[in-house]
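Novice: For reference, the structure I am asking about is given below.
Each value in this text was obtained by applying a stated rule to the coordinates, not by laboratory testing. None of these values were measured; they are calculated from a predicted model. All Cβ positions, glycine included, derive from the backbone under ideal geometry; neighbour counts span all protein chains shown.
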């Protein structure tokens, strides 16, 4: 592990301080690319305009016409938190804007697989739908969109994933309208928007279209900001990069949640997770609320998650949130066992004192396909290698297939790597898709070893020693005057996440004492610049030397009404 200190350009730090930004925050923001205080304005007026996103105007006309004609609209969702929140935003928003016949279908992870398939299109048609709207999927659903059109439905695709590739060329579905910031020809500045954010932008465009038609005016139009808590949740939970536009969406959602303006289901999920909505943070989205919704899609039926986000009945919300919490506990148990098996398999691939191969692929017939992505992420974090974890398909008639989920490291574009494997070994990949850092694929079980070899060959070509060295970017030493509980609260209130990392400091400290707690965590008594401070390193059991360079985050531990700062250790450079 190499601990690196981010550079904070002095001019940017000075400019932010001159604008009244706290000196510590000025340093942190500057190190993350913020140059002026103007960039920190999270007001709704600063959001990028919907008109800048290709397809929003056409989507607004399509939806406005459907509402005017009282057509049946069916939303096809994805089975993760982004898909669930996007579906809830679509239904809530369309109903606010006058749609009276709007429903949804969410594919089953095991039976249906991902996205709008021809079979899903047929199920949508059976509901009597005239207009099919995808959220968080559809951009790669060539056959599904074609089938929907054959059946006489109009199709609006809203998505944020990368388009499909065939023979190295981009192929788009033949939908009536596509809204996706990552489609060719879209000049929208924020390419990192989640699926829920794309749907929110479509609704903003629809409201503008309805104003133009005289359905509403500026005083009578529905307030769509009530949807922002769900937009914020889906954005953080999908681990998209928090660029300036995404940070504004998340900040606006958090403000409403903290003020108590949140849907009943979201409030119930905070309670079920043991979190307090009044002091909600982006961390709560990613590690408490989001996983409880994701668990439904992994192990059960995402309809539970969507219904929780749609209900306005507090009693029903509480019941659904408790059910989701129970499913999440089951997910954690399954994941723990799988992670242990996967780590054993990964260790078996590596001789003692030998570096891991440049990429990891693991399959075990006992794995559950619903949690392979989480396990891949854990193994990737531990070994710092692009990792795929496979499980046997549970779909009827597909028992010979393996469904894999991959997670990557910086410098290795996972979707492009799969595309290269597909070109070099035609037929190995039955299906694949995804992003730079996360992707999925399906292969025949008999092709697993060939896939593993092909993936490792691409990794060997693309990754050098510097890329394979695990590094942790930090914000350097913490000035002792900033080791205060009130500053911990200030930091927690800010929007941190993917691409805008939470503050992590690093410096040499003295280890006064150390002991194991709970058999798997290291409790520390430290001296930081001569002053005593407690520390905890979760999931770490190895003894530290008397002086060591640590990377740590700030936290506040409350005891008998008194808040004390403690260090949450992330890594040690030994």
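Novice: Kirkwood Rh over alpha-carbon pairs of the chain, then Stokes-Einstein at 20 °C and 1.002 mPa s: what D in µm² s⁻¹, rounded to an integer?
Specialist: 85
Novice: Order of 497-509, 234-246 by packing, highest average Cβ count within 10 Å first?
Specialist: 234-246, 497-509
Novice: Work out, in µm²/s and without decimals, the Stokes-Einstein translational diffusion coefficient of the range 44-224 at 10 °C, 1.306 mPa s, Rh from Kirkwood over C-alpha pairs.
Specialist: 98
Novice: Could you work out the equivalent-ellipsoid semi-axes for the range 1-97, taking the square root of 5 times each eigenvalue of the Cα gyration tensor, largest first, in whole Å?
Specialist: 42, 18, 11
Novice: Over its Cα atoms, what ratio of radius of gyration to 2.2 N^0.38 Å does the range 329-413 give?
Specialist: Expressed relative to 2.2 N^0.38 Å, the Cα Rg reads 1.09.
Novice: To continue, here is another question. Would you mind computing the Rg to Rh ratio of the range 488-539 from its alpha-carbon coordinates, Kirkwood style for Rh?
Specialist: Ratio of gyration radius to Kirkwood radius for the range 488-539: 1.06.
Novice: Another one. Just the number, please: percent antiparallel of the DSSP beta bridges in the chain, rounded to the nearest 5.
Specialist: Antiparallel bridges: around 65 percent, rounded to the nearest 5.
Novice: Separate question: Ranked from highest to lowest mean number of other Cβ atoms within 10 Å per residue, what is the order of the peptides 253-265, 324-336, 154-166?
Specialist: By packing density, highest mean first, the sequence is 154-166, 253-265, 324-336.
Novice: Taking only the alpha carbons of the range 201-257, what extent do you get along each of the three principal axes, in Å, biggest first?
Specialist: Ordered largest first, the range 201-257 gives principal extents of 38, 20, 16 Å.
Novice: Here's something else I'd like to know. Would you please put 83-94, 293-304, 481-492, 169-180 in order of how densely packed they are, using the mean number of other Cβ atoms within 10 angstrom per residue and starting with the highest?
Specialist: 83-94, 293-304, 169-180, 481-492
Novice: Turning to a different aspect of this structure: Rounded, prolate or oblate: which one fits the range 99-159, using the alpha carbon gyration tensor with axes a ≥ b ≥ c (rounded when a/c is under 1.5, else prolate when a/b beats b/c, else oblate)?
Specialist: Judged from the Cα gyration tensor, the range 99-159 comes out rounded (a/c under 1.5).
Novice: Still on this structure, I have one more. Just want the ordering: 339, 292, from fewest to most Cβ atoms lying within 10 Å of their own Cβ.
Specialist: Fewest-to-most Cβ neighbours within 10 Å comes out as 339, 292.
Novice: Here is a further query. From zero outward in steps of 5 Å, how is the percent of C-alpha pairs of the range 171-307 spread across the bins?
Specialist: Bins of 5 Å from zero give 2, 9, 17, 19, 18, 16, 11, 6, 2, 0 percent of pairs.
Novice: At q = 0.10, 0.15, 0.17, 0.20 Å⁻¹, what base-10 log of I(q)/I(0) does the Debye formula yield for the range 349-465 when every alpha carbon is treated as an equal point scatterer in vacuo?
Specialist: One equal scatterer on each Cα of the range 349-465 leads to -0.26, -0.59, -0.76, -1.07.
Novice: On to the next question. Which whole number of Å³ per residue matches the convex hull of the alpha-carbon atoms in the range 471-573?
Specialist: Spread over its residues, the Cα hull of the range 471-573 gives 115 Å³ apiece.
Novice: Sorted from fewest to most neighbouring beta carbons within 10 Å, what does the list 462, 14 look like?
Specialist: Placing the least packed residue first, the sequence is 14, 462.
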